[in-house]
Amino acid sequence: MYTDKQKSWHKRRYQDRLKKRLCPQCGNVRDNEWITCSICREKCRKYSRGLTHEQRNASTNRYRKQCRENNICYRCGSSLRTDSHINCEKCREVRRINRMDADARRMLIKVNNVE
Ligand SMILES: [Zn+2]
Ligand SMILES: [Zn+2]
């Protein structure tokens, strides 16, 4: 277990790395889309392969909750200006476009089936 002092140090380091656009877990340079670097992502993937669906979900939820507490977007790690959304504006826009694409695809399938 960590003491309070250690906890706040970890939190500070985490925030500091985020601000510098580094992987908060190891301090490596990360690519833009992801909050963690490719090495940590690979580690995480290997680890999550051994988990059940429920365990994976729980860890995703934990991660999102953590991001929420730090007031950052869980998709890209940029800080959120408002409290009312869990994603930043950029990621919300991406999601909106993806959703629109999915709708368009569904429509297309429907049309094709009718013919
Ligand atoms: Zn990393
Ligand atoms: Zn984002």
Residue in region 57-100 that is nearest to ligand 2 (Cβ to nearest atom), counting only those that are among the aliphatic types (A, V, I, L, M) and part of a helix (DSSP H, G or I)
Val94
Exactly one of Glu69, Glu93 is out of contact with any Lys or Arg (no Cβ under 8 Å at 6 or more places or on another chain), within 23 Å of Gln15 (Cα to Cα), loosely packed, with under 12 Cβ neighbours inside 10 Å and at pLDDT 85 or above, and that residue is Glu69
Taking Leu80 as the residue in question, decide whether it is among the hydrophobic types (A, V, I, L, M, F, W, C), touching a strand residue (DSSP E or B) at 6+ places or on another chain (Cβ under 9 Å) and outside the structural domain of Arg21 (by TED's automatic domain parsing).
yes
Yes or no: Arg17 under 13 Å from the mean Cα position of the chain (by Cα) and either of a type in the set (D, E, K, R) or more than 16 Å from ligand 2 (Cβ to nearest atom) (or both)?
no
Residue list for region 27-53, restricted to those being of a type in the set (S, T, N, Q), surrounded by 11 or more Cβ atoms within 10 Å (Cβ to Cβ) and closer than 25 Å to Arg12 by Cβ
Asn28, Thr36, Ser38
Looking only at region 73-94, which residues are within 16 Å of ligand 1 (Cβ to nearest atom) and of a type in the set (A, V, I, L, M, F, W, C)?
Cys76
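The values are calculated or read from the model by the stated rules, or taken from the named source; none is laboratory data. Values in this document were obtained by computation on a predicted structure and should not be read as measured data. Please note: Cβ atoms are built from the backbone with ideal geometry, for glycine as well, and neighbour counts cover all protein chains shown.
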